[in-house]
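Student: Dropping a structure here in structure tokens format, bear with me for questions.
The values are calculated or read from the model by the stated rules, or taken from the named source; none is laboratory data. Computed from a predicted structure; not experimentally measured. Using ideal geometry, Cβ is built from the backbone for each residue, glycine included, and neighbour counts are taken over all protein chains shown. For the accessible areas, the whole protein counts, side chains as well, though only heavy atoms, and no ligand, DNA or RNA atoms are used. Shrake-Rupley method; radii C 1.70, N 1.55, O 1.52, S 1.80 Å.
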Amino acid sequence: MNDCIRTSIRGFMSRSFEGREVADHDNIFALGFGNSLFAIQLVAYIEREFDIEIESEDLEMENFQSIDAVTALVGRKREA
Amino acid sequence: MTPALESYAEHAAAMRVFADEHIVPFAHRIDQEQQIPREVVERMREAGLFASGFPERLGGTPGSKADPVSATVRHGMIHEALGRASPSVQGLLNVHHMGGSAILRWGTQAQKGEWGQRLSSGEVIAAFAITEPEVGSDASAIQTTAVPVGDGWEVSGTKTWITCGQSADIFVMLTQSERGPLAVILPRDTPGLRIEPILGILGCRGYMLATLYMERCAVPPERVLGQPGFGLSHVVAEGLDNGRHNLAWGCVGLGQACLDASLHHAAQREQFGGPIGEFGQIQRLLARMMTDVHAARLVCWSAAVARGRRDPSAVQESFMAKYLASTMTNRVAADAVQVHGASGVGPGSPVETAFRDARIMELIEGTTQIVERAIARFGLQGR
Ligand SMILES: Cc1cc2nc3c(=O)[nH]c(=O)nc-3n(C[C@H](O)[C@H](O)[C@H](O)COP(=O)(O)OP(=O)(O)OC[C@H]3O[C@@H](n4cnc5c(N)ncnc54)[C@H](O)[C@@H]3O)c2cc1C
């Protein structure tokens, strides 16, 4: 299941990052991609795509800093 | 199936009637006295306008959960009706929704419980404070600080050009902390907060603007919104995204007001033995205005549908709607003055006020240049 999530998030990120390759563990903030336009699109995307709700408590850098991190967050929220 | 724009005609008409009855009669006074009378706010409360756009379970408009697309289009139409009647009143509802949506989207359950019903009923009016004397477009560079003290924070700095700064009950405020951008809720009665009105601006003179001076204002943990570091990218971004959408619809309303006045004037005013509306050059102005207003409304509708569906493209669509509608309303207001001749610049002329109000629209919720930059960047994504 997490593989599907990962593929989908990877696709969204690569579309958002002007085609630049980002590895699953790369820190997207360190690469300079974590701007606010991207951030709210990402939240909208994962909420809609995976039918989950990102809440205040989920706003931790560790949850959003890489493809790996977002995949894990979505996986946890879907299990909850 | 997405309902067509025409299917909302009844709601649009009802909003128009409300605005004609309860806001239009005050519009000139609002511009002159630079204040929105209490009775206008009271009528808006009674009509449930403050609830629009908020989650239904927190007091938002009934029915919005079952049909979020229609609810979002109707929400836009409220802003259109207010923009047509008085852009200042639209501004009040807009900043309330910007601040309120940031709280109700990113607040904790306890914060949602504390503020939801009060924001939705309009008992508490919110405003949104980012801009500072030295920082406008580049919100990431703000200088207002939040310093950890005990289990809370202490906020010091200055915010300026804050719509409804003179009247709002709470401010959603962006600060800078050692852990990155931090958004907080600052109630108006916070010790250390001093509020100074800004008077005599060009347009939207009923915005009730103010400068806020914060001197070691205590912010307990329950007034922090979201987590430190996410204040700009998520909390404030939520409000700004809503603000662009609301303002776009407000601009359509302002454009419509200019168009209505121009059509009326062109049919009534006679020169050279006939109505000026029969002159080809005036007709060209009218045709351009009609088409411009219609196009902007359709782009707003499209953005509203995307928002209602929670489509990630909604952010981009709202930028485009704001861009098109705010530039449109400036063209249309200028053309309306031209169609009116001297009577379009005279004291007390609604077109004169609209011309001044329109100018503000290209500055707020992102200047035209900042909005252009964002739209182009969306276009370049994935290239
Ligand atoms: C009536 C009114 C109400 C307002 N209400 C609020 C409110 O409620 N809350 C709040 O926080 N703020 C509010 N503001 C402030 C508003 O958000 C700012 O005015 C706006 O963000 C622009 O900032 P600035 O005026 O400092 O202009 P600056 O950022 O100094 O820009 C000056 C000029 O440079 C251009 N520019 C800047 N950066 C770039 C760039 N990278 N590329 C190209 N051009 C650029 C701008 O487009 C503009 O033309 C309000 C302003 C007004 C006039």
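Student: If the convex hull of the alpha-carbon atoms of the protein assembly as shown is projected onto planes in all directions, what is the mean projected area in square nanometres?
Tutor: Over all viewing directions, the protein assembly as shown projects a mean Cα-hull area of 22.5 nm².
Student: Give me a single rounded figure for B:225-238: the average over its residues of other chain Cβ atoms within 10 Å of their Cβ.
Tutor: 5
Student: Roughly how tilted is helix B:280-308, in degrees to the nearest 10 and between 0 and 90, from the longest Cα axis of chain B?
Tutor: 30 degrees
Student: Using amide H atoms built in the peptide plane, which far-off residues or other-chain residues are under 5 Å from B:Q176 H to H?
Tutor: Here B:T144, B:T145, B:A146, B:L182 satisfy the definition.
Student: Before we go on, tell me the buried accessible area for the A/B pair, both chains summed, 1.4 Å probe, in Å² to the nearest 100.
Tutor: What A and B bury together is about 2400 Å².
Student: How would you rank B:354-365, B:217-228, highest first, on the average number of other Cβ atoms within 10 Å across their residues?
Tutor: Answer by packing, highest mean first, reads B:354-365, B:217-228.
Student: How many angstrom separate the Cα center of the range A:38-80 from the Cα center of the range B:193-220?
Tutor: 36 Å
Student: While we're looking at this one, here's another question. Using the Cα centre as the reference, give the magnitude of the dipole from point charges on the C-beta atoms of the protein assembly as shown (Lys, Arg: +1; Asp, Glu: -1; all else neutral), rounded to the nearest 20 debye.
Tutor: Dipole of the protein assembly as shown, to the nearest 20 debye: 700 debye.
Student: Additional query: For all pairs of alpha-carbon atoms in chain A, what percent lies in each bin of width 10 Å, listed from the first bin to the last filled one?
Tutor: With 10 Å bins starting at 0, P(r) equals 18, 61, 21, 0.
Student: Okay, moving on. Can you pull the mean other chain C-beta count within 10 Å for peptide B:103-112?
Tutor: Average neighbour count from other chains, rounded to a whole number: 2.
Student: What residue among B:F378, B:N242, B:A129 has its Cα farthest toward the positive end of the dipole of chain B, where the charges are +1 on Lys, Arg and -1 on Asp, Glu, each on the Cβ?
Tutor: B:F378
Student: Another question, if that's okay. For the range B:232-380, what does the equivalent ellipsoid look like in terms of its semi-axes, each the square root of 5 times an eigenvalue of the Cα gyration tensor, given largest first in whole Å?
Tutor: Over the Cα atoms of the range B:232-380, the semi-axes work out to 34, 15, 11 Å.
Student: Here is a further query. Apply the Karplus curve 6.51 cos²θ - 1.76 cosθ + 1.60, θ = phi - 60°, to the phi angles in the range B:44-61 and return the couplings in whole Hz, x for Gly and Pro.
Tutor: With the stated coefficients, the range B:44-61 comes to 5, 4, 4, 7, x, 5, 5, 7, 5, x, 8, x, 4, 5, 10, x, x, 3 Hz.
Student: At q = 0.18 Å⁻¹, what base-10 log of I(q)/I(0) does the Debye formula yield for the range B:127-274 when every alpha carbon is treated as an equal point scatterer in vacuo?
Tutor: The calculated log intensity ratios at q = 0.18 Å⁻¹ are -1.04.
Student: Positive end of the charge dipole of the range B:3-124 (Lys, Arg +1 and Asp, Glu -1 on Cβ, about the Cα centre): tell me which of B:Q109, B:S88, B:L58 has its Cα farthest that way.
Tutor: Toward the positive end, the furthest listed residue is B:Q109.
Student: Here's something else I'd like to know. Carbon and sulfur together cover what percent of the accessible area of the protein assembly as shown at a 1.4 Å probe radius?
Tutor: On the protein assembly as shown, the fraction of accessible area on carbon and sulfur atoms equals 52 percent.
Student: Right, something else. Which whole-Hz couplings ³J(HN,Hα) result when phi for each residue of the range B:32-39 is put into the Karplus expression 6.51 cos²θ - 1.76 cosθ + 1.60, θ = phi - 60°, listed in order with x for Gly and Pro?
Tutor: Values, residue by residue: 6, 8, 6, 8, 9, x, 4, 5 Hz.
Student: So, with +1 on the Cβ of K and R and -1 on the Cβ of D and E, and no other charges, what is the size of the charge dipole of chain B about its Cα centre, to the nearest 20 debye?
Tutor: The dipole of chain B has a size of about 580 debye.
Student: If you don't mind, another one. What residues qualify as long-range amide H neighbours of B:W153, i.e. H under 5 Å apart, gap of 5 or more or another chain, H built at 1.01 Å from N?
Tutor: Amide H neighbours of B:W153, under 5 Å, 5+ apart: B:V219.
Student: Counting helices only, and only those DSSP H runs with n ≥ 4, report the 222 nm mean residue ellipticity of chain B as the sum of -39,500 (n - 2.57) divided by its residues, in deg cm²/dmol to the nearest 500.
Tutor: Taking each H run of at least 4 residues, the total per residue is -17500 deg cm²/dmol.
Student: When all alpha-carbon pairs of the range B:30-103 are counted, what percent fall beyond 17 Å?
Tutor: The calculated P(r) of the range B:30-103 puts 45 percent of pairs beyond 17 Å.
Student: Once the principal axes of the Cα atoms of chain B are found, what is the range along each, listed largest first in whole angstroms?
Tutor: If we take the Cα atoms of chain B, the spans are 79, 48, 47 Å.
Student: Extent of the range B:87-143 along each principal axis, from alpha carbon coordinates, in Å, largest to smallest?
Tutor: Principal extents (Cα only, largest first): 35, 30, 13 Å.
Student: Moving to a separate point now. Along the charge dipole of the protein assembly as shown, which of B:T175, A:F50, B:P148 sits closest to the positive end, that is, farthest toward it, with unit charges on the beta carbon of Lys, Arg, Asp and Glu (+1, +1, -1, -1)?
Tutor: Working it through, the farthest residue towards the positive pole turns out to be A:F50.
Student: While we're looking at this one, here's another question. Once you charge only the Cβ atoms, +1 for Lys and Arg and -1 for Asp and Glu, what is the size of the charge dipole of the range B:1-91 about its Cα centre, to the nearest 20 debye?
Tutor: About 220 debye.
Student: Need one number: % antiparallel among DSSP beta bridges in chain B, to the nearest 5.
Tutor: Approximately 85 percent, going by the DSSP bridge assignments.
Student: Same structure, new question: What whole-number distance in Å separates the alpha-carbon centres of the range B:116-159 and the range B:312-331?
Tutor: Between the Cα centre of the range B:116-159 and that of the range B:312-331, the gap is 26 Å.
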